[in-house]
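Report on one structure; see the data block that follows.
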Amino acid sequence: MKVQPPLGRTTAARRATRSRPGGRSYGWVVALVLALVLPSAHAAILPEDRVDVMYHGYEGGGLTVEGPAVLVRKAYKDKVSVWGNYLVDMISSASIDVVATASEYTEERTEYGFGADYLHGKTMMGMFYINSTENDYEANTAGLSISQDFFGDLTNLGISYSRGWDTITRTGDETFEEELDRQSFGVSLAQILTRNLLININYDSTTEEGFLQSAYRQVRYLDPNAARGYSYDPALHPRTKTTSAIAARAMYYLPYRASVKAEARRYTDTWGVDAWNVEFGYVHPFDFGMTTELRFRYYEQTEADFYSDLFERQAAQNFMSRDKELSTFSTMTVGGGVSYEFATPWLPLMKKGEANLFVDWLRFDYDSFRDVTAEGLAPGEEPLYGFDAVVIRAFFSFWM
């Protein structure tokens with residue numbers, strides 16, 4: 001089982017990279033970082049020693065996120081493997097939420113993390129810590145996990161626990177400070193069914209308590225006295241939430257060394273959001289050291305119980321939100337990449353290297369969030385919002 005916080009919509013890693021007002025969350029950066037440095041979900045074998053240097057970029061919906069990352073993993077006597085990572089996000093946002101109620105902003109987010117895995121027989125134990133810092137948000141996450149191989153190493157069962165504690169402030173308001181505490185539990189089961197088929201089932205549950213909203217986002221409500229027909233008030237979310245997610249993944253190795261992958265996932269929470277996604281992938285290696293990969297993903301969710309794009313009046317209910325990530329929406333991702341393995345005689349300490357380039361195109365369609373920047377329309381009749389985005393990940397890996 002991976003020694004990491006679970007990677008879902010409400011996980012510690014995603015919360016550590018939450019969006020600013022109107023921005024997209026960019027937890028995919030953390031997901032890639034952890035995927036590179038953390039051990040396989042099956043078999044009690046320590047990962048190989050390696051160094052990764054990465055550039056990541058996201059652009060879409062008025063938000064741009066880009067920056068470098070460095071990751072290192074090193075084993076000691078085939079019993080202990082330690083890893084560390086450091087990344088920087090340069091963020092510039094003029095998203096629809098920002099231009100509607102504020103002005104464009106730029107900021108920088110830095111993140112560092114470290115962890116260790118200990119192998120004893122067929123048991124793998126691990127721990128990690130991650131810190132993410134922005135000018136108005138600091139997130140901390142620590143976790144433990146243990147996994148065990150059974151039945152001739154054909155079955156792997158793992159459990160994990162992580163705890164997060166965040167501090168939220170607000171730019172321009174020195175009196176504002178809030179806290180957020182989070183606990184996550186996970187169980188995974190990996191099974192080799194045949195020589196070609198591997199399946200994995202994961203269940204994750206997270207409880208959160210504290211400030212569960214942006215310090216900047218607002219809600220809009222009908223106001224006949226306003227020139228545009230509506231006004232804004234600060235949003236107010238509940239201070240507790242519990243989430244549950246279950247996912248099933250499968251990988252099948254084809255006779256010509258290629259493989260196909262599939263995933264199905266279901267998510268629910270106590271705010272009324274119900275989501276699901278499916279993903280399919282194809283990996284094809286070539287004899288000259290190159291591997292290509294294609295993938296397709298579709299995601300869909302319902303809106304939270306207290307969400308509305310336009311409330312009927314001011315203070316219409318106890319909890320109110322216009323966060324588009326809590327609305328009804330769907331996303332589609334089409335992506336691909338290429339990896340090329342090469343010798344490194346010019347690097348005496350390295351056994352081999354690999355160059356990787358992956359590009360994803362994403363489409364976001366919101367079914368209950370409207371584009372308020374459209375002019376000349378009555379409140380509630382603006383067009384529904386949607387946008388395209390591109391994610392680029394380029395990195396070099398070196399095995400020691």
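The values are calculated or read from the model by the stated rules, or taken from the named source; none is laboratory data. Computed from a predicted structure; not experimentally measured. Here the Cβ is made from the backbone with ideal geometry for all residues, glycine too, and neighbour counts use every protein chain on show.
A few comments on the model shown:
- In the stretch 66-101, the residues that are out of contact with any Lys or Arg (no Cβ under 6 Å at 6 or more places or on another chain) and of a type in the set (Asp, Glu): Glu66, Asp78, Asp97
- Total residues in the stretch 118-163, condition within 22 Å of Tyr203 (Cβ to Cβ), part of a strand (DSSP E or B) and not aliphatic (A, V, I, L, M): 17
- Residues of the stretch 356-383 satisfying the condition of being in contact with a strand residue (DSSP E or B) (Cβ under 6 Å, 6 or more places away or on another chain) and among the hydrophobic types (A, V, I, L, M, F, W, C): Leu357, Phe358, Val359, Trp361, Leu362, Phe364, Phe369
- The listed residue being at pLDDT 95 or above, assigned to a strand (DSSP E or B), under 21 Å from the mean Cα position of the chain (by Cα) and surrounded by fewer than 16 Cβ atoms within 10 Å (Cβ to Cβ), out of Asp166, Asp181: Asp181
- Qualifying residue in the stretch 304-315 (condition: surrounded by fewer than 17 Cβ atoms within 10 Å (Cβ to Cβ) and closer than 21 Å to Ala247 by Cα): no
- Taken together, Tyr137, Tyr112 contain a single residue that is of a type in the set (Phe, Trp, Tyr) and surrounded by fewer than 17 Cβ atoms within 10 Å (Cβ to Cβ), which is Tyr112.
- Within the stretch 59-73, tally of residues that are of a type in the set (A, V, I, L, M, F, W, C) and either touching a Gly at 6+ places or on another chain (Cβ under 6 Å) or surrounded by fewer than 22 Cβ atoms within 10 Å (Cβ to Cβ) (or both): 3
- Some residue of the stretch 225-247 being among the β-branched types (Val, Ile, Thr), surrounded by fewer than 17 Cβ atoms within 10 Å (Cβ to Cβ), without any contact (Cβ under 8 Å) to a residue 60 or more places away in the chain and not in a strand (DSSP E or B): no
- Near pairs, Cβ below 6 angstrom, 6+ apart or cross-chain, from the stretch 278-302 (touching a residue at least 24 places away in the same chain (Cβ under 8 Å)) to any residue that is assigned to a loop (DSSP other than H, G, I, E, B) and exposed (fewer than 14 other Cβ atoms within 10 Å of the Cβ): Pro285/Arg257
- Only residues that are of a type outside the set (Phe, Trp, Tyr) and either in contact with a helix residue (DSSP H, G or I) (Cβ under 7 Å, 6 or more places away or on another chain) or crowded, with 17+ Cβ neighbours inside 10 Å (or both) were counted across the stretch 74-83, and they come to 2.
- Residue that is nearest to Phe128 (Cα to Cα) [pool: residues in the stretch 46-99 that are acidic (Asp, Glu) and assigned to a strand (DSSP E or B)]: Asp52
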